[in-house]
Amino acid sequence: MSIISAIVLYAVTWFMVMFVALPIGLRTQGDDDDIVEGTHAGAPSNYRPRRKALIVTLVSFVIWGVLVYVIFSGAVSWQDLDWTKSLPAVGDS
């Protein structure tokens, strides 16, 4: 794995973890009955992006480390994931 591949893998992992983590612990203005004029009731009232980004960075680093270990160890290879080898040949009926 090249350095660019490792960076791309980390970026994809980070964004996937971020999309999963965004709604966790979120309180809306409608939940708190404190709706700011001109905003939707579903707008967040306790959103702290720095804290969320720090947590996501730490969690995604751990997940990325596991993925890199699996890739370098060879525990799972592309041939293990190839489901097409069990298909019958095109001419067979």
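The values are calculated or read from the model by the stated rules, or taken from the named source; none is laboratory data. Owing to the predicted nature of the structure, the values given are computational and were not obtained by experimental measurement. Glycine gets a Cβ as well: all are built from the backbone with ideal geometry, and neighbour counts include every protein chain shown.
Among the residues of the range 29-50, count how many are among the acidic types (Asp, Glu) and either free of Cβ contacts under 8 Å to residues at least 12 places away in the same chain or loosely packed, with under 11 Cβ neighbours inside 10 Å (or both).
Number of matching residues: 3.
If I go through the range 12-48 residue by residue, how many of them are of a type in the set (S, T, N, Q) and within 30 Å of Gly65 (Cα to Cα)?
Residues meeting the conditions: 1.
Residue by residue through the range 29-62, note down the ones that are in a loop (DSSP other than H, G, I, E, B) and of a type outside the set (Asp, Glu).
Ile35, Val36, Gly38, Thr39, His40, Ala41, Gly42, Ala43, Ser45, Asn46, Tyr47, Arg48
Has the range 22-33 got at least one residue that is among the small types (Gly, Ala, Ser) and either at pLDDT 95 or above or touching a Phe, Trp or Tyr at 6+ places or on another chain (Cβ under 8 Å) (or both)?
The answer is no; no qualifying residue exists.
Can you tell which of Val70, Val56 is modelled with pLDDT of 95 or more and either under 18 Å from Met18 (Cα atoms) or out of contact with any Asp or Glu (no Cβ under 8 Å at 6 or more places or on another chain) (or both)?
Val56
Between Leu67, Leu87, Leu58, which is under 15 Å from the mean Cα position of the chain (by Cα) and loosely packed, with under 12 Cβ neighbours inside 10 Å?
Result: Leu58 is the single residue among Leu67, Leu87, Leu58 that is under 15 Å from the mean Cα position of the chain (by Cα) and loosely packed, with under 12 Cβ neighbours inside 10 Å.
Results for (1) aliphatic (A, V, I, L, M); (2) over 21 Å from Ile3 (Cβ atoms), shown as yes or no for each residue.
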residue	(1), (2)
Ala53	yes, yes
Thr57	no, no
Gly65	no, no
Val68	yes, no
Ile71	yes, no
Ala75	yes, yes
Asp82	no, yes
